[in-house]
Amino acid sequence: MKFHAISEKGYCPDLDAAALGMGLPGKMARAVTLLQRSALIGLGSPGKAADVAGNEMPRLWNQGRQQHVLDYLAQDARILADLAATCQERRALKWISDSYHELEIRLPEGWLIAKEAANLPGPDTSGANCLVSRRETMDWLAR
């Protein structure tokens with residue numbers, strides 16, 4: 001899913017923004033901002049609270065809080081699975097950008113596998129939103 005989004009748009013929305021943009025529960029981390037954004041189009045609802053950010057998981061793991069990290073990752077996996085299925089069913093991924101614009105990736109044939117996504121025309125890279133290229137993503141995946 002992420003490679004498809006990057007191949008088409010040049011970036012990918014974060015998991016919470018995508019879930020809330022599709023009317024699915026996300027995590028409570030950053031919920032105020034995300035709910036304000038999603039309220040602009042009448043979507044979104046808070047899900048299970050996440051008391052720490054994802055970038056804190058390695059520290060928590062090293063502190064012996066492995067179950068907390070596993071619970072956090074399981075929550076992400078459930079949100080991701082729900083998001084994938086909902087996008088497939090609705091044939092679109094919608095989210096609200098940081099600048100409060102409703103954005104969408106149309107999925108007329110559903111999600112593309114990586115080989116198919118790599119054959120999409122390149123995204124418009126003239127805007128400030130293009131953060132990573134397909135090549136950079138593939139290089140990162142190869143590490």
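Near the amide H of G26, within less than 5 Å, lie the amide hydrogens of S45, G47, all on another chain or at least 5 residues away, with H placed in the peptide plane. With θ taken as phi - 60° and the Karplus curve 6.51 cos²θ - 1.76 cosθ + 1.60 applied, the whole-hertz 3J(HN,Hα) list for region 72-89 is 4, 5, 5, 4, 4, 5, 5, 4, 5, 5, 5, 5, 4, 5, 5, 4, 4, 5 Hz, x standing for glycine and proline. With neighbours defined as other Cβ atoms within 10 Å of a residue's Cβ, the residues W95, W61, W140, W111 order from fewest to most as W140, W61, W111, W95.
Per-residue Karplus couplings for region 104-120, computed as 6.51 cos²θ - 1.76 cosθ + 1.60 with θ equal to phi - 60°, are listed in order as 8, 10, 7, 10, x, 10, x, 5, 8, 6, 4, 4, 5, 4, 5, 8, 5 Hz, Gly and Pro entered as x.
Read-outs: derived from the displayed coordinates by stated rules, not from any lab. This one's a predicted model, so the numbers in the text were calculated from it and none came from an experiment. Here the Cβ is made from the backbone with ideal geometry for all residues, glycine too, and neighbour counts use every protein chain on show.
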